[in-house]
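Presented below is the structure to which this report refers.
The values are calculated or read from the model by the stated rules, or taken from the named source; none is laboratory data. Fair warning: this is a prediction, and the values are worked out from it, not measured in the lab. Positions of Cβ are backbone-derived with ideal geometry, glycine not excepted, and every protein chain shown enters the neighbour counts.
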Amino acid sequence: MSGPLDPLIKAIARLPGLGPRSARRIAIHLLTKPEPSLTALIDALQNAKEQIINCSTCGNLDTLDPCRICQDDTRVQNKLCVVANVSDLWAVERTRAFKGQYHILGGVLSALDGIGPDDLTLGLLLERVQSGAYTEVILALNATVDGQSTAHYISDKIMDLVALAGDQDSGEDAITITRLAHGVPVGGELDYLDDGTITTALKSRSSV
Ligand SMILES: [Zn+2]
């Protein structure tokens, strides 16, 4: 298919989770609806482009830098939750179960996709950890091979920093590295889970 709508459809199809078929449906919807949905979308995109910036501390998207989370002094200051991307930060925030600080990596290490340490904000993360501001670093990364190898990599790097600092000032070994528990999802039935999940859940069991 080629026509005047092609550039619009191609641009929509590049968005995550959308293929050419849904891109065509969205383009037609935006252009044929009686209400001005395309104009509203253009305005929203324009506003976002002009006003939304990356927080230079944590990498969150906000209209302020530092972002509202980094500026909020009612939050716990010494716990740092490391996530792969902004949507993961928002997922953790939605739970209201964590009231500390965040660090967004900008992805995870992936040999397959050619993403190495320099493509992520690892240097900035290590600087933050090295500042001594945090007593716990929570690695809230996906339970995928790439997510877990990234967690191991970060954990090793932080342990190296801690060892170096320990050599210099025989101080308290002040930092704990944790990761999210893996295992039985809330509402999950054992009989339906795969062997790997049950094995991991057994290994991560906790006292009741
Ligand atoms: Zn921030």
(message) Being away from the ligand (no atom under 12 Å from the Cβ), of a type in the set (A, V, I, L, M, F, W, C) and touching a residue at least 40 places away in the same chain (Cβ under 8 Å) is the filter here; which residues of the stretch 99-111 pass it?
(response) Leu105, Val108, Leu109
(request) Go through (1) of a type in the set (A, V, I, L, M); (2) at pLDDT 95 or above; (3) touching a His at 6+ places or on another chain (Cβ under 8 Å) one by one and return the number of the condition Ala143 breaks. (result) (2)
(request) From (1) out of contact with any Phe, Trp or Tyr (no Cβ under 9 Å at 6 or more places or on another chain); (2) under 25 Å from Asn60 (Cα atoms), pick out the condition that doesn't hold for Gly188. (result) (2)
(request) Test Thr199 against the stated conditions and say whether it is part of a helix (DSSP H, G or I) and surrounded by 17 or more Cβ atoms within 10 Å (Cβ to Cβ). (result) no
(request) Considering only residues that are within 25 Å of Arg179 (Cβ to Cβ) and within 9 Å of the ligand (Cβ to nearest atom), look in the stretch 62-88 and name the one that is surrounded by the most Cβ atoms within 10 Å (Cβ to Cβ). (result) Cys67
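Looking at Asp156, Asp173, which one is exposed (fewer than 13 other Cβ atoms within 10 Å of the Cβ), modelled with pLDDT of 95 or more, out of contact with any Leu (no Cβ under 6 Å at 6 or more places or on another chain) and not small (Gly, Ala, Ser)? Before the answer, list the steps.
Working: Asp173 fails: modelled with pLDDT of 95 or more.
After applying the criteria, what remains is Asp156.
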(message) Go through (1) more than 13 Å from the ligand (Cβ to nearest atom); (2) under 17 Å from the mean Cα position of the chain (by Cα); (3) in a helix (DSSP H, G or I) for Leu31 and report which single condition fails.
(response) (2)
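Restricting attention to the stretch 49-65, report how many residues are part of a strand (DSSP E or B) and of a type outside the set (A, V, I, L, M, F, W, C).
In the first step, residues of the stretch 49-65 are kept if they are part of a strand (DSSP E or B); the result is 53-54, 61-62.
Still in the running and of a type outside the set (A, V, I, L, M, F, W, C): 54, 62.
Total meeting the criteria: 2.
Report whether or not Ser110 is out of contact with any Ser or Thr (no Cβ under 7 Å at 6 or more places or on another chain) and surrounded by 15 or more Cβ atoms within 10 Å (Cβ to Cβ). It would help to see each step written out before you state the result.
On the way: out of contact with any Ser or Thr (no Cβ under 7 Å at 6 or more places or on another chain): yes; surrounded by 15 or more Cβ atoms within 10 Å (Cβ to Cβ): yes.
So Ser110 fits the description; yes.
Scan the stretch 118-134 residue by residue and report those that are surrounded by 14 or more Cβ atoms within 10 Å (Cβ to Cβ) and either at pLDDT below 95 or in a helix (DSSP H, G or I) (or both). I'd like the intermediate steps shown before the answer.
Step one: filter the stretch 118-134 for residues surrounded by 14 or more Cβ atoms within 10 Å (Cβ to Cβ), giving 119-122, 124-126, 128-130, 134.
Scanning the stretch 118-134 gives Asp119, Leu122, Leu124, Leu125, Leu126, Arg128, Val129, Gln130.
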